[in-house]
2 protein chains.
Amino acid sequence: MMNWISRNNILIVGLGLMGGSYAKALKRLGFKVEAIDSRPESIRFAEENGLIDRGYDHPDETAIRKADVIIFALYPEILKDWISEHQFLFKYGLLITDVTGVKSCIVYDVQQMLRDDVEYVPSHPMAGREVSGVENADDTIFHGANFIVAPTEKNTEAGIEWCRGLGKILGCRKISVLTPEEHDEMIGFVSQLTHVIAVSLMTCNDNTHLVDYTGDSFRDLTRIASINENMWSELFLMNKKYLLQHMDAFIAELNEFRGLLAEDDKEGLKEKMRLSTERHAFFIQ
Amino acid sequence: MMNWISRNNILIVGLGLMGGSYAKALKRLGFKVEAIDSRPESIRFAEENGLIDRGYDHPDETAIRKADVIIFALYPEILKDWISEHQFLFKYGLLITDVTGVKSCIVYDVQQMLRDDVEYVPSHPMAGREVSGVENADDTIFHGANFIVAPTEKNTEAGIEWCRGLGKILGCRKISVLTPEEHDEMIGFVSQLTHVIAVSLMTCNDNTHLVDYTGDSFRDLTRIASINENMWSELFLMNKKYLLQHMDAFIAELNEFRGLLAEDDKEGLKEKMRLSTERHAFFIQ
């Protein structure tokens, strides 16, 4: 298997915000970057703005054949089909990684069907923006972000190391290795539950008349309430098991807080707040 | 009653983060600013850093007597007692306002007991920081913030106008006038419910090991999770009626979302997200 420095030809499949941001970063770092996206305007934009060396609005055979690494930045449900359909074209020893926000429901199926000489190492850059499309690509979103590699027993040390190196050269703050299940449980809490909360804050009543009265706290809690419903409904359903557990624990906690408030239990409320402040201290840098 | 330009002597009672930020702004604008706070270090800091002209670590009679305006930046429960105890010293025609985050449970009691020649106009700058103390006073927190005046039928046009003018000269973006009840209902949603959510996210499980995996969304939703438990438990209990209503609506909405997820109702989840995105558009400036 090639080491990571020798993998110079990167093919990005799916040139949206994330794919475009990877392209921008990797091109700047000196890699040869090509991309495939069904939307011709995305390809044209990326070529004209120097994000990629060359792009294709179809799964170009030559482009796929010469790739040393393929980075998938597609919707999770499309990923499996794309690989199954095109893996006969993959170069010997190809490394595949992705940006997908759920892991355990994808990785085993993909590794199961994958050619023996090709390795898929799941990874997940915990970065993003509230806008989408390659036109908003921004390679600074990785700076200071957390980067997770989520390998299985089938992965090699070399493959895992390549992905860790990828996170590092993108400028991520902290690179972690978790099992796919640990990743999904964690992501169900820190990312998916928070999106459910932001959405539910917007949908629980018609609050649009409040725009003149909001403070920072409401703006912060709803920043992510503009949400790509196609992508997130897929992510939620694919991680349903963990997300439901987290929602149940959170709803139970809200009900406990509600009980303290209803019973005028000032000391109980304070205790919750002290615990919150104490734990939050770990997250303040 | 004096008009607002002639009210030059401002007395700030309670010199913490908010009191200090008012002092800094008003001093800069040319007012004569004095302050009372029981903590001598706060007074010393404010004097040495030019936030106030003079300060007192006790309710100084002369200082109270010469004030044209008193701005209360104290805990809500202390406000009533302080006024009742010291109103015999108030200058004829004094105007009182405050920064308190709850209104209806205070304003009627205060106006009831207040001398006839003195006017109390409740107001609420929707600004703050996660840190406290006069040492962190910052008059830029008002810039772009929303400012609410919450008068009752007992208030005069002149008094309300003075408070609107105060919000304006502090640099607030939008000055609104609401009834105390409208204010409290609104604040129960945009400020109090969001704090309950941030606290419950921190207390619903031991999440401190997640610090290496968090993305922007978790950081945003928990920024306010470091919380002054003395102040907020008081605010929550004083606004219990509205906060409980909002918590119930929010919990019901979470349960509805949970149901859609449990039943794999992708279209239902998408509908919630579309509504969220649509409403959130009103809040993006």
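Just so you know, all these numbers are worked out from the coordinates, no wet-lab data involved. In this text the structure is predicted, and so the values were computed from the model without any measurement. Cβ placement follows ideal geometry from the backbone for every residue including glycine, while neighbour counts extend to all protein chains displayed.
Among the numbered criteria (1) touching a Phe, Trp or Tyr at 6+ places or on another chain (Cβ under 9 Å); (2) surrounded by fewer than 22 Cβ atoms within 10 Å (Cβ to Cβ), which one does A:ALA225 miss?
So A:ALA225 meets the others, but not (2).
Within the range A:160-180, how many residues are surrounded by fewer than 21 Cβ atoms within 10 Å (Cβ to Cβ) and more than 7 Å from chain B (Cβ to nearest Cβ)?
13
Name the single residue that is surrounded by the most Cβ atoms within 10 Å (Cβ to Cβ) among those in the range A:181-199 being facing another protein chain (nearest Cβ under 7 Å) and in contact with a strand residue (DSSP E or B) (Cβ under 9 Å, 6 or more places away or on another chain).
Within the range A:181-199, the match that is surrounded by the most Cβ atoms within 10 Å (Cβ to Cβ) is A:SER191.
What's the total number of residues in the range B:111-151 that are under 11 Å from the mean Cα position of the chain (by Cα), polar (S, T, N, Q) and within 19 Å of B:TRP82 (Cβ to Cβ)?
1
Based on this model, can you work out whether B:ARG173 counts as touching a strand residue (DSSP E or B) at 6+ places or on another chain (Cβ under 9 Å) and either among the small types (Gly, Ala, Ser) or closer than 21 Å to A:THR222 by Cβ (or both)?
Details: touching a strand residue (DSSP E or B) at 6+ places or on another chain (Cβ under 9 Å): yes; either among the small types (Gly, Ala, Ser) or closer than 21 Å to A:THR222 by Cβ (or both): yes.
Yes; evaluated as a whole, the condition is true for this residue.
Those residues that are under 17 Å from the mean Cα position of the chain (by Cα) and in contact (Cβ under 8 Å) with a residue 40 or more places away in the chain, I need them from the range A:196-231; list them, please.
Across the range A:196-231, the qualifying residues are A:VAL196, A:ILE224, A:SER226, A:ASN228, A:ASN230, A:MET231.
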